[in-house]
Amino acid sequence: AILPALAMTQLTAGSDFTRAIANFDCGAKDGWTFEKPLGGNGPDHGGDFEYWAGNASNRAQASFDYWQEITGLPNGTYTVSAEMYNSLNNEGGDYTEFKPTVGVYATVGEKTVSKLVDVNSETRVPYVTDVIEVTDGKIRIGAKSFEAPMAARWFTVDNFKLTLVKPA
């Protein structure tokens, strides 16, 4: 069944399904699961979710995943986007080379699409995943580190968006 809040949404290319995301604007933690199996700090929030490693040696083991499962979506292909940044935070030492290791993602079954933050910056910009097909009304969305060590010290994510690219 389609979520009641979405029942009146017209199923056309480009339809916005962001309201299916609990606390899409990261203003509260409700609806989100936070995992940080290898340490680090967060999720603190003041209008965004943050994860950071205190220094280069902490970052060597840094790992996190902020996610939620959405059910009741109309079948079709979707993209997920979020405003993010990942920054070295002017840190020197062992891990001074930036590389993309964190980003927004969507998972359906065994398939995951993602878009990694590819710029060392402290300005949030939107990143959009490739399309993913929803066939049973369920999708897992989130932001996470895809490998350790985290290549930059500070990460924030805000304003998730779920867009129907093509109805089934």
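Residue-wise test of (1) modelled with pLDDT under 95; (2) over 14 Å from the mean Cα position of the chain (by Cα); (3) of a type in the set (Lys, Arg).
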position	(1), (2), (3)
64	yes, no, no
91	yes, yes, no
95	yes, yes, no
105	no, no, no
114	no, no, no
132	no, yes, no
Item to check | Given (1) at pLDDT 65 or above; (2) in a helix (DSSP H, G or I), index of the condition residue 51 fails | outcome: (2)
Checklist entry - Inside the range 140-168, can you point out the residues that are of a type in the set (A, V, I, L, M, F, W, C) and surrounded by fewer than 23 Cβ atoms within 10 Å (Cβ to Cβ)? => result 146, 148, 151, 154, 162, 165, 168
Item to check | residue 58, sole failed condition from (1) of a type outside the set (Gly, Ala, Ser); (2) at pLDDT below 65; (3) under 23 Å from residue 122 (Cβ atoms); (4) not in a helix (DSSP H, G or I) | outcome: (4)
Checklist entry - What number goes with the only condition from (1) open to solvent by 50 Å² or more (accessible area, probe 1.4 Å); (2) modelled with pLDDT under 70; (3) assigned to a strand (DSSP E or B) that residue 42 does not pass? => result (1)
Item to check | Criterion: surrounded by fewer than 17 Cβ atoms within 10 Å (Cβ to Cβ) and touching a residue at least 40 places away in the same chain (Cβ under 8 Å) - qualifying residue of 125, 102 | outcome: 125
Item to check | Top-ranked residue in the range 117-131 [being out of contact with any Ser or Thr (no Cβ under 7 Å at 6 or more places or on another chain) and aliphatic (A, V, I, L, M); ranked as nearest to residue 66 (Cα to Cα)] | outcome: 117
Next on the checklist: With the requirement that a residue be touching a strand residue (DSSP E or B) at 6+ places or on another chain (Cβ under 6 Å), outside any strand (DSSP E or B) and open to solvent by 20 Å² or more (accessible area, probe 1.4 Å), what does the range 68-85 give you?
Outcome noted: 75
Checklist entry - What number of residues in the range 1-39 are out of contact with any Lys or Arg (no Cβ under 9 Å at 6 or more places or on another chain), at pLDDT below 60 and within 24 Å of residue 168 (Cα to Cα)? => result 5
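The values are calculated or read from the model by the stated rules, or taken from the named source; none is laboratory data. In this text, all values refer to a predicted model and were calculated from it rather than measured experimentally. Every residue, glycine as well, gets a Cβ built from its backbone with ideal geometry; the counts of neighbours run over all protein chains shown. For the accessible areas, the whole protein counts, side chains as well, though only heavy atoms, and no ligand, DNA or RNA atoms are used. Shrake-Rupley method; radii C 1.70, N 1.55, O 1.52, S 1.80 Å.
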